[in-house]
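Structure first, then comments.
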Amino acid sequence: MEMTFRWYGANEEKIKLSDIRQIPGCKGIVGTLMDIPVGEVWPKARIKALKEEIEAAGLTLKVIESVNIHEDIKMGVPSRDKWIENYKTTIRNLAEFGIEVICYNFMPVFDWLKTDLDFKLADGSSTLSFVTKDLPASPEELIQNMADGAEGFSLPGWEPERLAQCKALFDFYKNISDDDLRANFKYFIEAIIPTCEEVGVKMACHPDDPPYSVFGLPRMVKNRDDLDWMMNAVDSAFNGITLCTGSIAEDPANDVVAILAEFTKRGRIPFAHVRNIKFTDVAAKDFYEAPHLSSDGSLDMYAIMQALHDNGFDGYIRPDHGRMIWGETGRPGYGLYDRALGLTYLNGLWEALEKK
Ligand SMILES: [Mn+2]
């Protein structure tokens, strides 16, 4: 297990690498190049510079989150082949600089979704929350709300160029079923896994967030059976999962611990996002992102770490989102302090498991 911390790059962050270096037990950075338009090849010079910057701070760069999938690939239109070739080149370029894992997702139109990016908790901290009845009537309104709540930061997966054609995309996806989306995933993963095997880079698909359909969009990474199908679509250790405990748990029907145990045992979790959520209404699937501590949320974080530990997990972990605490402001979900607390807590659980 190697503990890591997500960092968006010097031009995108208030948080410094030197701050992250001081978090006890944090070894590596989960990095990205936010400014490269989705679909374009990641240039070697940029990857090299990022790696050198991170290593100069005493940290490693082994995981990229994310290399986003061009919408044409998810839509399954003929132009996808060009974007898939670009993706393969990016995989090769990343491998050349020691990258071992690429996190991505296969959600149409936009990534993760919350209804409040500044939900106040009783202790005075602020967090992200999701309340079904607060979902805006239209996706356009949702996009505006997300932009308004982002404190001026770009949000991963909500890049303006991707969302500009929102209406046309929604019209297109009306005729795309979950199975159609699966077929498009299979086409993509079959095309790239031979490259991954050749150069030693593992693909790690993040679950849908939330793990059920919103605005009628198709979804294919929602639960245990979806993950099982994906892993069988190309049965290779290089076709893996970013198991995000918070996202999977947003559907109370999902047994997070059992899912972690099964896919760790199968050797298909090279990267894990570990965080807690607190349901405020289980039937409505309403929740907020709680501190990592088990007693603050609805998930048993000891059982989660145990499922990884006892099934031979040897990948990368990062604390996922954190609250805003101690007066910090910044990118919602991605402050320094609460994620650092989460990281040290997860390391504590791991030490206890190692010594038991
Ligand atoms: Mn996640």
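Here is how the numbers come out for the structure above:
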| item | result |
| --- | --- |
| Wholly within the range 1-76, helices (runs of 4 or more DSSP H) carrying at least 1 residues that are closer than 17 Å to ARG318 by Cβ | 17-21, 44-56 |
| Answer residue from the range 241-258, given it is assigned to a helix (DSSP H, G or I) and away from the ligand (no atom under 14 Å from the Cβ) and is farthest from the chain's Cα centre (by Cα) among those | ALA258 |
| Test: residue in the range 132-144 that is closer than 20 Å to TYR212 by Cβ, of a type in the set (A, V, I, L, M) and in a helix (DSSP H, G or I) | yes |
| Top-ranked residue of the range 262-300 - restricted to ones that are under 28 Å from ILE29 (Cβ atoms) and among the aliphatic types (A, V, I, L, M), ranked as farthest from the ligand (Cβ to nearest atom) | LEU293 |
| Some residue of the range 172-186 being touching a Pro at 6+ places or on another chain (Cβ under 7 Å), surrounded by 19 or more Cβ atoms within 10 Å (Cβ to Cβ), in a helix (DSSP H, G or I) and at pLDDT 95 or above | yes |
| Residues of the range 103-142 classified as under 17 Å from HIS321 (Cβ atoms), of a type in the set (Asp, Glu) and away from the ligand (no atom under 16 Å from the Cβ), total | 3 |
| Among the residues listed as LEU155, LEU227, the single one being buried (at least 18 other Cβ atoms within 10 Å of the Cβ), more than 26 Å from LYS265 (Cα to Cα) and within 16 Å of the ligand (Cβ to nearest atom) | LEU155 |
| Residue in the range 214-223 that is touching a residue at least 12 places away in the same chain (Cβ under 8 Å), away from the ligand (no atom under 15 Å from the Cβ) and under 24 Å from ASP123 (Cβ atoms) present | no |
| Selected residue (criterion: nearest to the chain's Cα centre (by Cα)) from residues of the range 77-92 that are part of a helix (DSSP H, G or I) and of a type in the set (A, V, I, L, M, F, W, C) | ILE91 |
| Lone qualifier among THR127, THR132 - being under 23 Å from the mean Cα position of the chain (by Cα), surrounded by fewer than 16 Cβ atoms within 10 Å (Cβ to Cβ) and β-branched (Val, Ile, Thr) | THR132 |
| Pair list, Cβ under 9 Å, 6 or more apart: the range 101-122 residue touching a residue at least 24 places away in the same chain (Cβ under 8 Å), other residue basic (Lys, Arg) and part of a strand (DSSP E or B) | VAL101/LYS62; VAL101/LYS202; ILE102/LYS202 |
| Of residues in the range 301-325 being surrounded by 16 or more Cβ atoms within 10 Å (Cβ to Cβ) and in a loop (DSSP other than H, G, I, E, B), the one nearest to the ligand (Cβ to nearest atom) | ASP320 |
| Filtered residues of the range 8-35 (kept if buried (at least 18 other Cβ atoms within 10 Å of the Cβ) and at pLDDT below 95) | GLU13 |
| Residue tally, condition part of a loop (DSSP other than H, G, I, E, B) and over 15 Å from PHE185 (Cβ atoms), over the range 224-237 | 1 |
| Every pair of residues 6+ apart whose Cβ atoms lie under 6 Å, when the first sits in the range 320-331 and is under 15 Å from TYR345 (Cα atoms) while the second is away from the ligand (no atom under 16 Å from the Cβ) and assigned to a loop (DSSP other than H, G, I, E, B) | ARG323/SER125 |
| Qualifying residue in the range 176-186 (condition: over 18 Å from ILE241 (Cβ atoms), aromatic (Phe, Trp, Tyr) and either under 19 Å from the mean Cα position of the chain (by Cα) or more than 16 Å from the ligand (Cβ to nearest atom) (or both)) | no |
| Lone qualifier among LYS88, LYS82, LYS114, LYS62 - being of a type in the set (Lys, Arg), under 27 Å from ASP338 (Cα atoms) and at pLDDT 95 or above | LYS62 |
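The values are calculated or read from the model by the stated rules, or taken from the named source; none is laboratory data. Keep in mind that this is a model prediction, so the values were computed, not measured. Please note: Cβ atoms are built from the backbone with ideal geometry, for glycine as well, and neighbour counts cover all protein chains shown.
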